[in-house]
């Protein structure tokens, strides 16, 4: 446990920025040299000169949905990262392929990363293409006139969506409307969580 108030404030400020959807540019991210399973998910952000915040995207079930959350694993010095990574290999190695894919999926909305939700029971979704449905972010109910544009990175989607008010109602648009019922139109924030040992 960190008792230094200055470090606690630095950690809090970093978590606040991350939970709002901010991410460092790829070139500014610290590289974790590790060949294990966890290397696919681990993120390392410097808290200060000595300490690094180690976190991953994880999936939690909330009622009838799966939702992406930030899972903070530890705050460690650079020399302690390999030991932590080996421990996390055991945990993350137990994830199913589906869970890993959901953890790796990224959505960028208005320049920030947003968490994605999926229904637990996909059979209740009337979408023709379940893969397309899984890639839709929470913010897909926006009220802009712009169209979707895929970003260049694999698994990432930049969304600017069509307006909700369309003149015609087709069976396909009605099924999409039912599938999207109850989803929030606000830009969502990340929920940090800390695992207990």
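Just so you know, all these numbers are worked out from the coordinates, no wet-lab data involved. Everything numeric here is computed off the predicted structure, so don't read it as measured data. Don't worry about glycine lacking a Cβ; one is built from the backbone with ideal geometry, like all the others, and counts go over all protein chains shown.
A few comments on the model shown:
- Protection proxy ranking of 11-22, 109-120, by the mean of other Cβ atoms within 10 Å over each peptide's residues and highest first, is 109-120, 11-22.
- Efficiency of FRET between residue 8 and residue 98 - r from beta-carbon atoms, R0 41 angstrom, step 0.05: 0.65
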